[in-house]
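The values are calculated or read from the model by the stated rules, or taken from the named source; none is laboratory data. Nothing here was measured: the structure is a model prediction, and the numbers come from that model. As a convention, Cβ positions derive from the backbone with ideal geometry for all residues, glycine included, and neighbour counts pool all protein chains shown.
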Amino acid sequence: MIQIDQLSKKYKEAEQYSLLELGLNIQTGEIFGLLGPNGAGKTTLISILSGLIKPTSGSFKIDGLDYNAHKKELKQLIGIVPQEYALYPSLTAYENLYYFGSMFGLKGPSFKTSIQEHLEILGLEKFAHKKIKGFSGGMKRRINLIASILHRPKVLFLDEPTVGVDVQSKSVIIDYLKELNARGTTIIYTSHHLNEAETFCTQVGIIDHGKLLCLGTPKELIQNEQGAEHLEEVFLAQTGKALRDYA
Ligand SMILES: Nc1ncnc2c1ncn2[C@@H]1O[C@H](COP(=O)(O)OP(=O)(O)OP(=O)(O)O)[C@@H](O)[C@H]1O
């Protein structure tokens with residue numbers, strides 16, 4: 001589904017590469033967890049794959065389509081849930097979703113029904129006509145998720161979709177993502193919640209300093225790391241214990 005070849009990114013004015021000749025294949029139907037410490041390059045990689053920023057060099061294809069030649073098709077094919085909320089605070093939940101769906105050309109009664117259905121599935125039907133500015137973090141994350149999937153993307157990129165939300169919202173989000181995946185959506189997500197990734201992901205890639213360190217199912221990675229019982233131990237063995245503070 002996704003073929004990444006020798007992808008590098010050096011931001012303007014940055015001294016170091018944020019991604020360095022990274023190669024990776026992600027198969028159709030996976031729930032792929034992109035894990036790594038702060039500053040590892042996760043957001044950079046997801047932002048390149050979802051067309052938000054350009055790589056410095058290298059290439060990638062999604063569903064056989066090269067990004068440079070097929071930008072329009074790829075926009076319809078993918079959904080993006082960014083780390084920051086991309087919502088209009090003074091519009092209601094319904095108005096936000098209507099706006100984002102319209103951007104993908106959605107319209108008509110079936111579109112309106114689809115918004116209502118998604119609000120129900122994610123437990124937000126009571127808040128459909130309330131303004132976003134009063135919503136909790138967990139509610140905003142769920143609205144952000146709906147906004148990114150109304151056009152039924154084949155591939156969904158999520159940058160830390162469960163950060164800063166309570167256990168209840170997290171569980172609704174994860175269950176919903178599993179359901180989407182069961183219906184055929186390939187999921188690529190970043191997270192610092194290693195317990196969550198261990199049970200949620202079918203494949204995991206650990207990256208650091210812009211390079212892929214290891215790749216496999218959570219079970220394979222745990223088996224291959226001597227003495228490890230959980231993904232967290234694999235992660236620390238691969239990336240070390242040094243703090244990654246940067247400003
Ligand atoms: N716009 C930018 N300009 C310059 N450097 C940047 C920019 N965005 C990110 N970087 C740098 O690129 C590196 C990778 O950052 P990135 O945000 O991709 O990491 P991350 O793995 O997503 O981290 P986190 O877990 O903190 O979100 C870091 O060193 C960061 O400082």
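Of the residues Val204, Val234, Val172, which single one is within 30 Å of Pro89 (Cα to Cα) and either out of contact with any Asp or Glu (no Cβ under 7 Å at 6 or more places or on another chain) or β-branched (Val, Ile, Thr) (or both)?
Testing whether each residue is within 30 Å of Pro89 (Cα to Cα) and either out of contact with any Asp or Glu (no Cβ under 7 Å at 6 or more places or on another chain) or β-branched (Val, Ile, Thr) (or both) leaves just Val172.
What is the residue count in region 74-116 for residues that are of a type in the set (D, E, K, R) and exposed (fewer than 13 other Cβ atoms within 10 Å of the Cβ)?
2
If you check Gly29, Gly58, Gly36, which single one turns out to be out of contact with any Phe, Trp or Tyr (no Cβ under 7 Å at 6 or more places or on another chain), of a type outside the set (Val, Ile, Thr), within 16 Å of the ligand (Cβ to nearest atom) and in contact (Cβ under 8 Å) with a residue 60 or more places away in the chain? Can you show your working first?
On the way: Gly29 fails: within 16 Å of the ligand (Cβ to nearest atom); Gly58 fails: in contact (Cβ under 8 Å) with a residue 60 or more places away in the chain.
Sole residue among the options that is out of contact with any Phe, Trp or Tyr (no Cβ under 7 Å at 6 or more places or on another chain), of a type outside the set (Val, Ile, Thr), within 16 Å of the ligand (Cβ to nearest atom) and in contact (Cβ under 8 Å) with a residue 60 or more places away in the chain: Gly36.
Just to confirm my filter: which strands (runs of 3 or more DSSP E) fall fully inside region 22-140 and include at least 3 residues that are more than 23 Å from Thr162 (Cα to Cα) and either modelled with pLDDT of 95 or more or in contact with a helix residue (DSSP H, G or I) (Cβ under 8 Å, 6 or more places away or on another chain) (or both)?
Strands (runs of 3 or more DSSP E) meeting the threshold: 57-62.
It is to be established whether one or more residues within region 118-136 are loosely packed, with under 13 Cβ neighbours inside 10 Å and closer than 30 Å to Ile4 by Cβ.
Within region 118-136 (the criterion being loosely packed, with under 13 Cβ neighbours inside 10 Å and closer than 30 Å to Ile4 by Cβ), the answer is no, since none of the residues qualifies.
Every residue, every condition in (1) under 21 Å from Ile149 (Cα atoms); (2) free of Cβ contacts under 8 Å to residues at least 60 places away in the same chain; (3) not in a helix (DSSP H, G or I), yes or no:
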| residue | (1), (2), (3) |
| --- | --- |
| Leu177 | yes, no, no |
| Ile206 | no, no, yes |
| Cys214 | no, yes, yes |
| Glu229 | no, yes, yes |
| Ala237 | no, yes, no |
| Arg244 | no, no, yes |
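Could you grab me the full set of residues in region 153-169 that are in contact (Cβ under 8 Å) with a residue 24 or more places away in the chain, of a type outside the set (Asp, Glu) and farther than 13 Å from Glu84 by Cβ?
Pro153, Lys154, Val155, Leu156, Phe157, Thr162, Val165, Gln168, Ser169
Give the residues of region 202-246 that are within 20 Å of Gly23 (Cα to Cα), more than 15 Å from the ligand (Cβ to nearest atom) and out of contact with any Pro (no Cβ under 9 Å at 6 or more places or on another chain), sorted by residue number.
Step one: of region 202-246, the residues within 20 Å of Gly23 (Cα to Cα) are 202-218, 220-221, 235, 238-239.
From the residues that got through so far, the ones that are more than 15 Å from the ligand (Cβ to nearest atom) too are 202-203, 214-218, 220-221.
Passing the criteria: Cys214, Leu215, Gly216, Thr217, Pro218, Glu220, Leu221.
Look at Ile173 and say whether it is in contact with a Phe, Trp or Tyr (Cβ under 9 Å, 6 or more places away or on another chain) and either at negative phi or part of a helix (DSSP H, G or I) (or both).
Criteria not met by Ile173.
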